[in-house]
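The values are calculated or read from the model by the stated rules, or taken from the named source; none is laboratory data. Only a predicted model underlies this, so the values are computations on that prediction, with no experimental measurement involved. A quick note on method: Cβ atoms are made from the backbone with ideal geometry, for glycine too, and the neighbour counts reach across all protein chains shown.
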């Protein structure tokens with residue numbers, strides 16, 4: 001017997017997130033604060049089961065409807081952290097959206113503070129999950145400046161990978177783009193992106209990363225978008241990152 005996924009009940013906080021209103025954490029706070037009403041009564045349990053297409057939901061007295069799905073590409077500058085609010089008070093990537101009047105958006109994957117380049121945002125959690133899924137998501141392409149000249153043996157070791165703290169870190173491919181007297185630029189392709197994946201992989205081989213720029217996800221390239229600027233993705237862009 002098959003189950004109709006469209007009629008599956010989910011917790012009310014998760015449902016609000018799936019509708020694109022807020023992150024699941026924020027939606028949970030709304031529920032706990034008594035701001036969410038389901039079918040005419042206040043619920044305070046974030047796991048209270050609802051059917052998003054049948055139950056009547058409201059937040060702060062306003063009926064809930066699915067928001068317009070928004071998909072953005074940002075050229076992330078160095079020095080910004082990929083989070084909505086930083087407990088250390090550091091500037092976040094959301095600074096780049098100041099005054100834009102956008103709905104709630106979540107980053108699709110992350111780039112660490114020192115990294116730059118292509119970072120996606122959306123209020124579509126299911127689409128975002130498909131992009132970040134290590135099994136089915138698109139490859140990610142990076143340009144990486146290292147502090148030494150690489151050898152063919154190093155490139156081979158990057159692809160073979162290493163086991164570090166219970167994780168296997170490896171590149172799908174690695175090649176030299178250009179070299180200087182004391183440093184070089186590499187192109188590294190990842191099938192999945194773990195925390196500080198490339199940095200840890202190179203540091204284990206005795207290399208330091210001077211710059212790290214994500215330039216593509218799937219066939220979607222960063223292009224000449226200026227640092228700190230963003231643009232909406234068109235249907236043709238979305239097709240380039242579809243698993």
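Some values worked out for this structure:
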quantity: Selection within segment 133-160 - under 25 Å from the mean Cα position of the chain (by Cα), surrounded by 17 or more Cβ atoms within 10 Å (Cβ to Cβ) and assigned to a loop (DSSP other than H, G, I, E, B); calculated: 137, 138
quantity: Selection status of residue 51, free of Cβ contacts under 8 Å to residues at least 60 places away in the same chain, touching a helix residue (DSSP H, G or I) at 6+ places or on another chain (Cβ under 7 Å) and more than 30 Å from residue 229 (Cβ to Cβ); calculated: yes
quantity: Near pairs, Cβ below 7 angstrom, 6+ apart or cross-chain, from segment 195-211 (over 15 Å from residue 147 (Cβ atoms)) to any residue that is in a loop (DSSP other than H, G, I, E, B); calculated: 196/112
quantity: Per-region count, segment 161-183, residues in a loop (DSSP other than H, G, I, E, B) and in contact (Cβ under 8 Å) with a residue 24 or more places away in the chain; calculated: 6
quantity: Unmet requirement for residue 44, which otherwise passes all of (1) at pLDDT 85 or above; (2) touching a helix residue (DSSP H, G or I) at 6+ places or on another chain (Cβ under 7 Å); (3) surrounded by 15 or more Cβ atoms within 10 Å (Cβ to Cβ); (4) outside the structural domain of residue 129 (by TED's automatic domain parsing); calculated: (3)
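Here's the yes/no breakdown for (1) over 30 Å from residue 225 (Cα atoms); (2) assigned to a strand (DSSP E or B); (3) in contact (Cβ under 8 Å) with a residue 40 or more places away in the chain:
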| residue | (1), (2), (3) |
| --- | --- |
| 16 | yes, no, yes |
| 28 | yes, no, no |
| 34 | yes, no, no |
| 47 | yes, no, no |
| 72 | no, yes, yes |
| 84 | no, no, yes |
| 102 | no, no, no |
| 107 | no, yes, no |
| 113 | no, no, no |
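So that you can scan it fast, the table gives a plain yes or no per residue for (1) within 12 Å of residue 144 (Cα to Cα); (2) in contact (Cβ under 8 Å) with a residue 60 or more places away in the chain; (3) part of a loop (DSSP other than H, G, I, E, B):
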position	(1), (2), (3)
186	yes, no, no
213	yes, yes, no
226	no, yes, yes
231	no, yes, no
238	no, yes, no
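Okay, residues lined up against (1) in contact with a helix residue (DSSP H, G or I) (Cβ under 8 Å, 6 or more places away or on another chain); (2) surrounded by 13 or more Cβ atoms within 10 Å (Cβ to Cβ); (3) more than 15 Å from residue 121 (Cβ to Cβ):
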position: 205; (1), (2), (3): yes, yes, yes
position: 210; (1), (2), (3): no, yes, yes
position: 214; (1), (2), (3): no, yes, no
position: 220; (1), (2), (3): yes, yes, no
position: 225; (1), (2), (3): no, yes, no
position: 229; (1), (2), (3): yes, no, no
position: 233; (1), (2), (3): no, yes, no
position: 237; (1), (2), (3): no, yes, no
